[in-house]
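A.B. asks: Here's a structure for you.
The values are calculated or read from the model by the stated rules, or taken from the named source; none is laboratory data. Quick caveat, the model's predicted, so the values are computed rather than measured. Here the Cβ is made from the backbone with ideal geometry for all residues, glycine too, and neighbour counts use every protein chain on show.
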2 protein chains.
Amino acid sequence: MTIDINGDRLKRSMRQQAAIGMTANGGLDRLALTDADREVRDWFRSEMTNAGLDVRVDEMGNMFGRRSGTNPDAGTMLVGSHLDSQPNGGIYDGPLGVLGALELVRSLNDHSIETEHPVEIVNWTNEEGSRFQPAMMSSGVWAGEIPIEDAYETRDDAGRRFKDELERIGYRGEVPAEPQYEYDAALELHIEQGPFLDEEDRDVGIVTGIVGLRWGEVTFHGEANHTGTTPMHYRSDALLAATDVIGQIRRIPSTLGERTVGTTGSIEVDPDSINIIPETARFTFDLRDPDDEVADEAVERALHEIESAAEREGVSYEYEQRMHAESVTFPQRCVNAVRSAVDDLDYDGRELVSGAGHDATYMASVCDTAMVFAVSEDGKSHTPEEYTSWPDCYAAANTLANAALNVAGVANLGEVDV
Amino acid sequence: MTIDINGDRLKRSMRQQAAIGMTANGGLDRLALTDADREVRDWFRSEMTNAGLDVRVDEMGNMFGRRSGTNPDAGTMLVGSHLDSQPNGGIYDGPLGVLGALELVRSLNDHSIETEHPVEIVNWTNEEGSRFQPAMMSSGVWAGEIPIEDAYETRDDAGRRFKDELERIGYRGEVPAEPQYEYDAALELHIEQGPFLDEEDRDVGIVTGIVGLRWGEVTFHGEANHTGTTPMHYRSDALLAATDVIGQIRRIPSTLGERTVGTTGSIEVDPDSINIIPETARFTFDLRDPDDEVADEAVERALHEIESAAEREGVSYEYEQRMHAESVTFPQRCVNAVRSAVDDLDYDGRELVSGAGHDATYMASVCDTAMVFAVSEDGKSHTPEEYTSWPDCYAAANTLANAALNVAGVANLGEVDV
């Protein structure tokens, strides 16, 4: 049996949420704990209530909507994602997973289907980490991987504290930010944010895991000096050491794995003047691979390049690890639930490993988890050009609903045609 | 004949000026048109008056102190430099040339020497260009190379207008910012800001010219994308194109001339986030050579590298010329006046081309000009570590005074022993 979600209703809900914090260019600016975040939360809470869900908000502002199951001994099935966005992001990254989960519940209601396991949908607070670092903060607290005190004390660029902002928008709940039930499994629908599904013209993605991620920050210390009067061989140019390494960060992936990626996204020099040789250059790297050993090897090679460049240029350096996330391999049980849904729905699915971290990373540390990916046109995300066609939104949400049913177990078929 | 300046008095004056705007680490923070600039100007004006000079301030705040000559047909001999500093500069860059000029006048007074040519000393406004661009702004206006309206409208980072700040500190004079007399010649004493004199243990530098300078700004436009989900071959990374070129900016000099230098001092990326591939990367270059053809060739090669990098990385670019200053060759007449002074004083001098621009660049467009360089320990400047020993300050100022006498012509020997 399969159920068929209501694609028009999903589209309507997607458009409603997209109107809250929409930018002039059709993108979304809905940073965590802003007024726009409050507004979309208020709307989502009332939608959950209208869908008959039992709503609770925890100390981190995570919003849960619970639908009972028939078996009192069965663990809860958790489904959801996040409603916050990047400062200039798109309308699909996050909301599609939250409203896909809502649509699952509404479809169960439509057809009066009872599940053996309770079903909970969730909106995780501050997944993006744009305003308050780190990303996936509140699923991390919920999973016991990030201390709540640390999260509360985090400040945005304007110096405002996470805890104060959470209270300001009225979403610091009283429920402890930890699993309130025994969780049997979790599913997250998210846009791919990569080009593979679009490139191969697939309907939907079956996510088998999440890559290992290594973030580092490097600062070279050279000597500030006059650009006109300092002969080339007298220089200790911090930026030149940095550019040597940044070039290698690009080359390292090509010497390792097919899915290895390496990037420098941030750089700054001091004094940053056209006629002064840079005294310091600070830059970041981001290295990822599905295999943790390969990711570690990539970091090793980067550190080797940092040391060589420092020696060559006569500069000193500091290295700081900014993040280390082990890869996640989703258990076969949950991946199979997604694969069966894809097969049952006659979709053209493709297995892939997520290149991005998701709240599913932390859900997976609490219970068996898997993910469904929706097609991202040209793989674009974190930009207003991020796009998933309505048919692709529908296919992914339909896959999510049927995979959830595979896991949650149908106790009462209600009105569904079998 | 030679005259001997008063080294102790010069040292005392240098210390007095250094106390105005001195930083905790012994450097100088005396940006143009700040309160510290006003204070040092007030002090300098009273020192000029005390030295019997006829003081005038022009519309750009340039301060002149005039001492009459004996020959009514003789053009004026101009001697001076600047009192403003970099935000975290040293105490010698600029002031040594202004107070060396003051010491010349005081020494003439000490010995009751009359010169055939009138002697003027000058403090040029905003030589550094740290707060208001461009550098050497007010000698540039005086020489007719920079329109005064453009200079007046320049704003600092806080949006304050040059003209308003000049009025605020009370130094917008009424004298037009243009040569008020016929100028016969000009001399500027400045620290070398390079290592050549120190490295060869010389007493003083005989400057034969100023290198040609080319400044450019390049912006690469790529595509912002997720660092984790975007395969390497899908990327158009603006920063990678930039780092390729920055590495070449370093290598170009080694393929051209002995004195060619190339630097990137400023870079910024957008969005500047650890997990977003840079969409734009903007950076500067600074290329110099004593030979303008070589400097032009260096720019040609840089442009070629920019084009290659853009093609390789699949990004577009904009290039903007930021400054183009032709090299200056000082006329033999003035260089000889300095060389003779060095010989007469039995100093160990060395001829060199200045790698930095100076107010002398613009003075040279009005009249015959030359420069004297003082030793810079380790070639350091634009840093609190900038250092010239008192004996080296004395040697350079003594050279300046005697070179000036060679040019200005002694009409009355006064009390000097010959």
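A.B. asks: Taking the stretch A:157-170, which residues are modelled with pLDDT of 95 or more, out of contact with any helix residue (DSSP H, G or I) (no Cβ under 6 Å at 6 or more places or on another chain) and not hydrophobic (A, V, I, L, M, F, W, C)?
C.D. replies: Those that are modelled with pLDDT of 95 or more, out of contact with any helix residue (DSSP H, G or I) (no Cβ under 6 Å at 6 or more places or on another chain) and not hydrophobic (A, V, I, L, M, F, W, C): A:159, A:160, A:161, A:164, A:165, A:167, A:168, A:170.
A.B. asks: Please return the ranges of strands (runs of 3 or more DSSP E) entirely within the stretch B:62-171 where 2 or more residues are away from chain A (no Cβ under 14 Å) and more than 27 Å from residue B:375 (Cβ to Cβ).
C.D. replies: On the way: elements: B:63-67, B:76-82, B:119-124.
Because the criterion is at least 2 residues that are away from chain A (no Cβ under 14 Å) and more than 27 Å from residue B:375 (Cβ to Cβ), the strands (runs of 3 or more DSSP E) in the stretch B:62-171 that meet it are B:63-67.
A.B. asks: Let me ask something else. Is it true that residue B:141 is more than 13 Å from the chain's Cα centre (by Cα), closer than 18 Å to residue B:165 by Cβ and among the β-branched types (Val, Ile, Thr)?
C.D. replies: Values: more than 13 Å from the chain's Cα centre (by Cα): yes; closer than 18 Å to residue B:165 by Cβ: yes; among the β-branched types (Val, Ile, Thr): yes.
Yes: the conditions hold for residue B:141.
A.B. asks: Specify the residue that is farthest from residue A:259 (Cα to Cα); the eligible residues are those in the stretch A:189-212 that are buried (at least 24 other Cβ atoms within 10 Å of the Cβ) and at the interface with chain B (Cβ under 10 Å from one of its Cβ atoms).
C.D. replies: The extreme case among them is A:191.
A.B. asks: Please find, among B:205, B:247, B:265, the residue that is within 30 Å of residue B:336 (Cα to Cα) and either in contact with a Ser or Thr (Cβ under 9 Å, 6 or more places away or on another chain) or not assigned by TED's automatic domain parsing to the domain that holds residue B:315 (or both). I'd like the intermediate steps shown before the answer.
C.D. replies: On the way: B:247 fails: within 30 Å of residue B:336 (Cα to Cα); B:265 fails: within 30 Å of residue B:336 (Cα to Cα).
Matching residue, one of B:205, B:247, B:265: B:205.
A.B. asks: Mind listing whichever residues of the stretch B:223-279 are under 17 Å from residue A:272 (Cβ atoms) and part of a loop (DSSP other than H, G, I, E, B)? Before you say what the answer is, go through the steps one by one.
C.D. replies: Narrowing the stretch B:223-279 to residues under 17 Å from residue A:272 (Cβ atoms): B:239, B:242-243, B:246, B:249, B:263-270, B:272, B:278.
Hits for the stretch B:223-279 are B:264, B:265, B:266, B:272, B:278.
A.B. asks: In addition: Right, residue B:219: over 24 Å from the mean Cα position of the chain (by Cα), within 30 Å of residue B:309 (Cα to Cα) and not in a strand (DSSP E or B) or not?
C.D. replies: On the way: over 24 Å from the mean Cα position of the chain (by Cα): yes; within 30 Å of residue B:309 (Cα to Cα): yes; not in a strand (DSSP E or B): no.
No.
A.B. asks: Taking residue A:399 as the residue in question, decide whether it is in a strand (DSSP E or B), hydroxyl-bearing (Ser, Thr, Tyr) and in contact (Cβ under 8 Å) with a residue 60 or more places away in the chain.
C.D. replies: Judged against the criteria, residue A:399 is not a match.
A.B. asks: Which of the residues that make up the stretch A:247-269 are free of Cβ contacts under 8 Å to residues at least 40 places away in the same chain and of a type outside the set (Ser, Thr, Tyr)?
C.D. replies: Correct list: A:247, A:250, A:251, A:257, A:258, A:265, A:267, A:268, A:269.
A.B. asks: Checking residue B:384 against (1) at pLDDT 95 or above; (2) in contact with a Gly (Cβ under 8 Å, 6 or more places away or on another chain); (3) in a loop (DSSP other than H, G, I, E, B): exactly one of these is not met. Which one?
C.D. replies: Every condition holds for residue B:384 apart from (1).
A.B. asks: If I filter the stretch B:227-243 down to residues being more than 17 Å from residue A:198 (Cα to Cα) and facing chain A (nearest Cβ under 7 Å), which single residue comes out as surrounded by the most Cβ atoms within 10 Å (Cβ to Cβ)?
C.D. replies: It comes out as B:239.
A.B. asks: Are any residues in the stretch A:19-66 in contact with a strand residue (DSSP E or B) (Cβ under 8 Å, 6 or more places away or on another chain), crowded, with 16+ Cβ neighbours inside 10 Å and farther than 22 Å from residue A:165 by Cα, and if so, which ones?
C.D. replies: Matches in the stretch A:19-66: A:27, A:48, A:51, A:53, A:65, A:66.
A.B. asks: Do the conditions hold for residue B:315, that is, is it of a type in the set (A, V, I, L, M) and over 24 Å from residue A:272 (Cβ atoms)?
C.D. replies: no
A.B. asks: Tell me which residues, restricted to the stretch B:359-381, are part of a loop (DSSP other than H, G, I, E, B) and over 18 Å from residue A:231 (Cα atoms).
C.D. replies: Of everything in the stretch B:359-381, those that are part of a loop (DSSP other than H, G, I, E, B) and over 18 Å from residue A:231 (Cα atoms) turn out to be B:364, B:365, B:366, B:367.
A.B. asks: I've got another one for you. Scan (1) part of a loop (DSSP other than H, G, I, E, B); (2) assigned by TED's automatic domain parsing to the domain that holds residue A:255 for the single condition residue A:297 breaks and write down its number.
C.D. replies: (1)
A.B. asks: Also, I was wondering about something else. Would you mind finding the one in A:177, A:186, A:224 that is surrounded by 19 or more Cβ atoms within 10 Å (Cβ to Cβ), closer than 14 Å to residue A:61 by Cβ and among the aliphatic types (A, V, I, L, M)?
C.D. replies: Going through A:177, A:186, A:224 in turn, the sole match is A:177.
A.B. asks: Just the residues that are touching a Pro at 6+ places or on another chain (Cβ under 8 Å), at the interface with chain B (Cβ under 7 Å from one of its Cβ atoms) and either buried (at least 20 other Cβ atoms within 10 Å of the Cβ) or more than 16 Å from residue B:217 (Cα to Cα) (or both), please, taken from the stretch A:268-281. Please lay out each step first, then the result.
C.D. replies: Keep residues of the stretch A:268-281 that are touching a Pro at 6+ places or on another chain (Cβ under 8 Å), which gives A:269-272, A:278-279.
Filter once more, so that each one left must be at the interface with chain B (Cβ under 7 Å from one of its Cβ atoms): A:269, A:272, A:278.
A:269, A:278, listed by residue number.
A.B. asks: So, in the stretch A:1-20, how many residues would count as being outside any helix (DSSP H, G or I) and over 17 Å from residue A:51 (Cβ atoms)? Write out each step before concluding.
C.D. replies: In the first step, residues of the stretch A:1-20 are kept if they are outside any helix (DSSP H, G or I); the result is A:1-6, A:19-20.
Within this subset, residues satisfying the condition of being over 17 Å from residue A:51 (Cβ atoms) are A:1-2, A:4, A:19-20.
Of the residues in that region, 5 qualify.
A.B. asks: Looking at B:388, B:369, B:361, B:399, which is the one that is surrounded by 23 or more Cβ atoms within 10 Å (Cβ to Cβ), under 22 Å from residue B:179 (Cα atoms), of a type outside the set (A, V, I, L, M, F, W, C) and over 14 Å from the mean Cα position of the chain (by Cα)?
C.D. replies: After ruling out the rest, the residue left standing is B:369.
A.B. asks: Right, something else. Just to be sure, is residue A:169 β-branched (Val, Ile, Thr) and either under 28 Å from residue A:355 (Cβ atoms) or touching a Gly at 6+ places or on another chain (Cβ under 9 Å) (or both)? Quick ask: steps written out before the conclusion?
C.D. replies: Working: β-branched (Val, Ile, Thr): yes; either under 28 Å from residue A:355 (Cβ atoms) or touching a Gly at 6+ places or on another chain (Cβ under 9 Å) (or both): yes.
Spelling it out, residue A:169 is indeed β-branched (Val, Ile, Thr) and either under 28 Å from residue A:355 (Cβ atoms) or touching a Gly at 6+ places or on another chain (Cβ under 9 Å) (or both).
A.B. asks: Can I ask one more? Of everything in the stretch B:282-322, what is within 12 Å of another protein chain (Cβ to nearest Cβ), out of contact with any Asp or Glu (no Cβ under 7 Å at 6 or more places or on another chain) and under 13 Å from residue B:216 (Cα atoms)? Give them in sequence order.
C.D. replies: B:283, B:285, B:286, B:287, B:288
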